[in-house]
């Protein structure tokens, strides 16, 4: 339903891993996932083990649609992993839902993964030629099958060996009969943290907010290249592979993906986003009457812009948070309203005013123009669009669905052409230097979608559904 699409890039996945003796671990995993729902709305799953048997439930849809008391009661155990999905490799279908669970000669294993391997095609071909079959088109299944066939006396050894072969972005949780493992790629692309549960045990999750939801204490980031073992023993940390010389954390976690309450790389995401707004105000001072955000990711940056510029902040839009999740098609007349089905303008806050509108990014350019038109229809005298990152001119191959080069408006048009296309009075993207100053570092982050300089060699012709040619 393209008329409901957000302008921002699509992310990716959220993962949870838990060891919690004498707790309802499935219910804990459910609430951990619930705190990560923003990272994926296509599918979700929970796998648990009681030390002997492993059980799993997964389906397409939102977390609240998939899990009910009657499904959670069957998921008994002390160990759990969970996943909420937006597809970045493989289409949105039940066969691509995670976790992936299989039986191996070393016992059952399940895996849930956030990210994207850039060498998954070569790895999959090698497995196919050795007789391994696949039921999905996801690189996460490739990872699971590699773990199943790897040599080694322990699962840590098998995972450690696999991590030397995987190239790209992966934060993952792995479940065996009597353990949960959390691991992160040596480039540190995707976030992953671990914490101590209040009544014993440990939890790992994509964002610190999910760990706070579970009551975790002593939260620390899983460092690049680490494996963290969650079991009935003390927390064990293994440096499986050496961290990359040039780390490549995804800067879009700061700009858009992570919840504002997240802490990543020792930085408050909310504070970074306010800093992005401040940098915008410094780079191009603008005479205006009101600063408004595009909900919700633009709110902290708009606050920062208003504080730095002295221009009053106010709400400009009311967002219908659920319209994009309906399966009911609108009528033809409503379809022409497009973005108006998702946003309503608070007219009195923009009528007759010069408006600075703050947005986190412009990717395809298919909704920004209609949003600008909504402001003009509500009586805005001028609309000045300010974006908290540089123009996105290159696709992502590390687990973010930004489309192809042909989809990216900044790859096809200059800033002035984009301004004219969306109908704004002025348009300014934050500079690369300004963005990194707001983050608080000038290195250690992937900036490939802005610069085209990827941290790893990538196949520029690859597509997220590339494994699906032989599977209906």
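The values are calculated or read from the model by the stated rules, or taken from the named source; none is laboratory data. Note that the structure is a prediction, hence the values are computed from the model and not measured. Positions of Cβ are backbone-derived with ideal geometry, glycine not excepted, and every protein chain shown enters the neighbour counts.
Of the residues examined, residue 115 is one that is under 25 Å from the mean Cα position of the chain (by Cα), in a strand (DSSP E or B) and modelled with pLDDT under 95. From the set of residues in segment 414-451 that are touching a residue at least 12 places away in the same chain (Cβ under 8 Å), farther than 23 Å from residue 285 by Cα and part of a loop (DSSP other than H, G, I, E, B), which is nearest to the chain's Cα centre (by Cα)? Residue satisfying both the conditions and the ranking: 447. Within segment 147-205, the set of residues being touching a residue at least 60 places away in the same chain (Cβ under 8 Å) and over 19 Å from residue 16 (Cα atoms) comprises 160, 163, 164, 167, 168, 187.
Before we move on, is residue 400 touching a strand residue (DSSP E or B) at 6+ places or on another chain (Cβ under 7 Å), closer than 30 Å to residue 271 by Cα and at pLDDT below 95? Yes, satisfied. Checked across segment 458-472, the condition of being surrounded by fewer than 18 Cβ atoms within 10 Å (Cβ to Cβ), under 18 Å from residue 246 (Cα atoms), modelled with pLDDT under 95 and in contact with a helix residue (DSSP H, G or I) (Cβ under 7 Å, 6 or more places away or on another chain) holds for no residue.
Of all residues in segment 375-389, those satisfying the criterion of being outside any strand (DSSP E or B) and surrounded by fewer than 21 Cβ atoms within 10 Å (Cβ to Cβ) are 376, 377, 378, 379, 381.
Within segment 263-291, the set of residues being part of a strand (DSSP E or B) and either touching a helix residue (DSSP H, G or I) at 6+ places or on another chain (Cβ under 8 Å) or within 16 Å of residue 389 (Cβ to Cβ) (or both) comprises 263, 264, 267, 290, 291. So, in segment 397-423, exactly how many residues are farther than 13 Å from residue 365 by Cα and surrounded by 18 or more Cβ atoms within 10 Å (Cβ to Cβ)? The qualifying residues number 5.
Suppose the filter is within 28 Å of residue 40 (Cα to Cα), in contact with a helix residue (DSSP H, G or I) (Cβ under 6 Å, 6 or more places away or on another chain) and at pLDDT 95 or above; does residue 123 pass it? So residue 123 does not fit the description; no.
Could you identify the single residue in 394, 384 that is under 28 Å from the mean Cα position of the chain (by Cα) and modelled with pLDDT of 95 or more? Of the residues listed, the single one that is under 28 Å from the mean Cα position of the chain (by Cα) and modelled with pLDDT of 95 or more is 394.
One line per residue, one yes/no per condition, for (1) modelled with pLDDT under 95; (2) under 24 Å from the mean Cα position of the chain (by Cα):
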residue	(1), (2)
221	no, yes
226	no, yes
236	no, no
247	no, yes
252	yes, yes
256	yes, yes
269	no, yes
273	no, yes
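The single residue among 276, 230, 235 that is touching a residue at least 24 places away in the same chain (Cβ under 8 Å), under 30 Å from residue 85 (Cβ atoms) and in the same structural domain as residue 360 (by TED's automatic domain parsing) turns out to be 276. When restricted to residues that are surrounded by 14 or more Cβ atoms within 10 Å (Cβ to Cβ) and in a loop (DSSP other than H, G, I, E, B), segment 125-148 contains 5. The C-beta contact set for segment 68-91 (first residue over 21 Å from residue 206 (Cα atoms), second residue in a loop (DSSP other than H, G, I, E, B) and at pLDDT 85 or above, distance under 7 angstrom, 6+ apart or interchain) comprises 76/50; 77/50. Being more than 25 Å from residue 33 (Cβ to Cβ), under 22 Å from the mean Cα position of the chain (by Cα) and surrounded by fewer than 24 Cβ atoms within 10 Å (Cβ to Cβ) is a property that residue 167 has. Against the conditions (1) touching a helix residue (DSSP H, G or I) at 6+ places or on another chain (Cβ under 8 Å); (2) farther than 20 Å from residue 285 by Cβ, residue 375 satisfies every one except (1). Being touching a helix residue (DSSP H, G or I) at 6+ places or on another chain (Cβ under 9 Å), more than 21 Å from residue 45 (Cα to Cα) and surrounded by 20 or more Cβ atoms within 10 Å (Cβ to Cβ) is not true of residue 115. Residues that are over 30 Å from residue 311 (Cα atoms) and either without any contact (Cβ under 8 Å) to a residue 60 or more places away in the chain or more than 20 Å from the chain's Cα centre (by Cα) (or both) are absent from segment 362-375 altogether. Evaluated against (1) out of contact with any helix residue (DSSP H, G or I) (no Cβ under 7 Å at 6 or more places or on another chain); (2) more than 25 Å from residue 95 (Cβ to Cβ), residue 193 falls short on exactly one condition, (1). Filter segment 110-128 down to the residues that are touching a strand residue (DSSP E or B) at 6+ places or on another chain (Cβ under 6 Å) and closer than 19 Å to residue 457 by Cα and list them by number. Across segment 110-128, the qualifying residues are 115, 116, 117, 118.
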